[in-house]
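Novice: Following this message is one structure expressed as structure tokens.
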Amino acid sequence: MQVGIAADHGGLALKTSIKNEFKAIQWQDFGTSSDESVDYPDYAQVLCKAILNEEIERGILICGTGIGISIAANRFKGIRAALCHDAFTAEMARRHNDANVLALGGRVLDLEMAFRIVRLFLDTEFEGGRHQRRVQKIEQI
């Protein structure tokens with residue numbers, strides 16, 4: 001699976017840790033690579049466009065809290081970005097909502113939980129069924 005990852009300066013450390021922990025993943029890194037202040041909407045945009053252009057299947061976006069970058073990502077029709085802070089929401093984001101983007105807060109998660117969330121996001125399949133109908137309704141909005 002091709003997975004994109006991007007972060008602003010507030011998420012750079014977590015982005016680096018995730019890439020180091022999950023070395024078997026074919027990461028497409030959309031930046032940033034510096035701790036200089038940058039604007040998270042720029043990174044959300046490039047990653048979301050890559051998903052919509054079918055260059056990658058899923059993406060992970062990281063800013064300080066995950067809030068801003070998830071709001072920016074969800075502005076794109078066809079993107080279902082889920083901000084997750086625990087294992088249950090990460091699993092349900094995939095299982096019930098077919099989330100194609102995981103948003104994380106680099107300043108609010110410890111590494112153990114972040115890695116658990118990423119693993120669930122990457123490994124959990126969408127259930128479909130009644131959930132497919134709901135995802136289709138979201139796409140019609």
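Novice: Please go through segment 83-101 and pick out each residue that is over 19 Å from Arg134 (Cα atoms) and crowded, with 21+ Cβ neighbours inside 10 Å.
Specialist: Once the filter is applied, which keeps residues that are over 19 Å from Arg134 (Cα atoms) and crowded, with 21+ Cβ neighbours inside 10 Å, segment 83-101 yields only Cys84.
Novice: Report every pair of residues separated by at least 6 positions or lying on different chains whose Cβ atoms are under 6 Å apart, first residue within segment 108-128 and farther than 15 Å from Glu21 by Cα, second at pLDDT 95 or above.
Specialist: Cβ pairs passing all conditions: Val108/Thr65; Thr124/Glu91; Thr124/Arg94; Thr124/Arg95; Phe126/Asp98; Glu127/Arg95.
Novice: Further question on the same structure: Restricting attention to segment 118-141, which residues are among the hydrophobic types (A, V, I, L, M, F, W, C), in a loop (DSSP other than H, G, I, E, B) and modelled with pLDDT of 95 or more?
Specialist: Hit for segment 118-141 is Phe126, nothing else.
Novice: Could you tell me whether segment 123-130 includes any residue that is surrounded by fewer than 22 Cβ atoms within 10 Å (Cβ to Cβ), closer than 21 Å to Asp29 by Cα and more than 11 Å from the chain's Cα centre (by Cα)?
Specialist: From segment 123-130, those surrounded by fewer than 22 Cβ atoms within 10 Å (Cβ to Cβ) are 123-130; that's our starting set.
Retained after the next criterion (residues that are closer than 21 Å to Asp29 by Cα): 123.
Remaining after also requiring more than 11 Å from the chain's Cα centre (by Cα): 123.
Among the residues of segment 123-130, at least one is surrounded by fewer than 22 Cβ atoms within 10 Å (Cβ to Cβ), closer than 21 Å to Asp29 by Cα and more than 11 Å from the chain's Cα centre (by Cα), which makes the answer yes.
Novice: Restricting to segment 103-117, what's the tally of residues that are closer than 12 Å to Thr89 by Cβ and assigned to a helix (DSSP H, G or I)?
Specialist: Number satisfying all stated conditions: 3.
Novice: Could you tell me whether Ala93 is in contact with a helix residue (DSSP H, G or I) (Cβ under 6 Å, 6 or more places away or on another chain) and either modelled with pLDDT under 95 or small (Gly, Ala, Ser) (or both)?
Specialist: So Ala93 does not fit the description; no.
Novice: What number of residues in segment 1-32 are at pLDDT 95 or above, within 16 Å of Leu122 (Cα to Cα) and among the aliphatic types (A, V, I, L, M)?
Specialist: 6
Novice: Something else now. Quick one: which of Asp8, Asp35 is touching a strand residue (DSSP E or B) at 6+ places or on another chain (Cβ under 6 Å) and among the acidic types (Asp, Glu)? Working first, answer last.
Specialist: Values: Asp35 fails: touching a strand residue (DSSP E or B) at 6+ places or on another chain (Cβ under 6 Å).
Only one candidate passes the filter, namely Asp8.
Novice: State the number of residues belonging to segment 14-26 that are touching a residue at least 12 places away in the same chain (Cβ under 8 Å) and either under 18 Å from Leu83 (Cβ atoms) or among the polar types (S, T, N, Q) (or both). Reasoning before the result, please.
Specialist: As a first pass, look at segment 14-26 and keep what is touching a residue at least 12 places away in the same chain (Cβ under 8 Å): 14-15, 17-19, 21-22, 25-26.
Narrowing further to those that are either under 18 Å from Leu83 (Cβ atoms) or among the polar types (S, T, N, Q) (or both): 14-15, 17-18, 26.
Within segment 14-26, residues that are touching a residue at least 12 places away in the same chain (Cβ under 8 Å) and either under 18 Å from Leu83 (Cβ atoms) or among the polar types (S, T, N, Q) (or both) number 5.
Novice: Among Asp39, Asp86, Asp35, which is of a type in the set (Asp, Glu) and within 18 Å of Leu120 (Cβ to Cβ)? Let's see the steps before the verdict.
Specialist: Values: Asp39 fails: within 18 Å of Leu120 (Cβ to Cβ); Asp35 fails: within 18 Å of Leu120 (Cβ to Cβ).
Unique residue meeting the criteria: Asp86.
Novice: Here is a follow-up. With the condition being in contact with an Asp or Glu (Cβ under 8 Å, 6 or more places away or on another chain), I'd like the strands (runs of 3 or more DSSP E) fully within segment 1-90 carrying at least 1 qualifying residues. Steps first, answer last, please.
Specialist: Details: elements: 2-7, 26-29, 58-63, 81-83.
Hits in segment 1-90: 2-7, 26-29, 58-63.
Novice: Scan segment 46-73 for residues that are surrounded by 16 or more Cβ atoms within 10 Å (Cβ to Cβ) and closer than 19 Å to Phe126 by Cα and jot them down.
Specialist: Ile51, Ile56, Arg58, Gly59, Ile60
Novice: Additional query: Being of a type in the set (D, E, K, R), touching a residue at least 12 places away in the same chain (Cβ under 8 Å) and within 19 Å of Lys23 (Cα to Cα): is that true of Glu57 here? Show your work before the answer.
Specialist: Working: of a type in the set (D, E, K, R): yes; touching a residue at least 12 places away in the same chain (Cβ under 8 Å): yes; within 19 Å of Lys23 (Cα to Cα): yes.
In short, yes.
The values are calculated or read from the model by the stated rules, or taken from the named source; none is laboratory data. Only a predicted model underlies this, so the values are computations on that prediction, with no experimental measurement involved. Don't worry about glycine lacking a Cβ; one is built from the backbone with ideal geometry, like all the others, and counts go over all protein chains shown.
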